[in-house]
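Contents: one structure, followed by commentary.
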Amino acid sequence: MVFYGFRRVVAAAALLFAGSAAAAQDPDEAALLQHFDKVDVWHFPVDITVRYNNQDAVLTRELVFQPEPPKGELCYVRFDLVKGEGDYGYGFKPDAAPGERKNTIWGVNVLKRGTVLDQHYSALKLNVIYFFVEGPKTETSKAFCVQKQSAPTAEAGAAYKGPWSGLVTKARAIHGWPAKNKP
C-alpha cells in the first residue's frame, strides 16, 4: 500500500514538472521568466477568410479578460501567424507610438483581391498572445518588456498595413496557450 502511494506522488511530481517544462519551452516565456517571478499567458484566435463577393474584413479589437482579470502587468503582446494568404494585415495601428497606444487594442484586415471576372480569396489565421508578468527580478526587467514590444517585427505588431477600423469591438481573451494549429 505504501509503495502504491509513493508511485502516485512520483507520478504527480513528474506531471507537474512536465507541465512547467512544456510551458517554458516557448522562447518568449522563458526569456520573461529570467526577468520576472511569474508569467501568465492569455490568447485570442483570429480566423478570417474573404472569398469572391464577400466584403473586406477590417476589424479593431479590444480584449476583455474574464472571468477573472489576469494578475500582474501586461508586458508583451505577440502575434503568431499560423496562415496568411492574399492581402492581409495585422498588428497595432502604425501611426501610434508604442508608449501612447493601448496594448489591448489591435487590428486585422483581410481584403478581396482581383477583378469581377478573376477573383481570389484572402485568408488570415493567427493567435494573439498576451504575456502578463509579476515580480520583476531586476530594475531593468520592465525595460525588457518595452524592448520586446517596440521591436520592428510582425510578431511585435509592427507590420500592420492597410485600412484601420474606427469601430472597436470587444472580444473575450482565453486563459492559457492556444492548441497547436495546423496551417
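Annotations for the structure displayed:
- The HN-Hα couplings worked out from phi for region 157-173 by the Karplus form 6.51 cos²θ - 1.76 cosθ + 1.60 (θ = phi - 60°) are x, 9, 10, 5, 9, x, x, 10, 7, x, 8, 9, 9, 7, 9, 8, 6 Hz, whole numbers, x standing for Gly and Pro.
- Pairs spanning more than 24 Å between alpha-carbon atoms, out of Lys142/Lys170; Lys38/Lys102; Lys93/Lys125; Lys71/Lys137; Lys83/Lys180: Lys142/Lys170.
- Under the combined filter of DSSP loop state and at most 15 neighbouring Cβ atoms within 10 Å, region 32-118 retains these GluC sites (Glu not before Pro): Glu100.
- Calculated from backbone phi, Karplus (6.51, -1.76, 1.60) coupling profile of region 47-58 in Hz, x at Gly/Pro: 8, 10, 10, 10, 10, 6, 8, 5, 6, 4, 9, 10
- Amide H contacts under 5 Å for Gly157, placed H, 5+ residues apart: Phe79
- Using the average count of surrounding beta-carbon atoms within 10 Å as a protection proxy, the listed peptides 122-133, 148-159 rank, highest first, as 122-133, 148-159.
- Hz values of 3J(HN,Hα) by residue in region 147-153 - Karplus curve (6.51, -1.76, 1.60), Gly and Pro given as x: 4, 4, 6, 8, 4, x, 10
A short reminder: the numbers here are calculations on the coordinates, not readings from a lab. Fair warning: this is a prediction, and the values are worked out from it, not measured in the lab. Cβ: placed from backbone, ideal geometry, glycine included. Neighbour counts: every protein chain shown.
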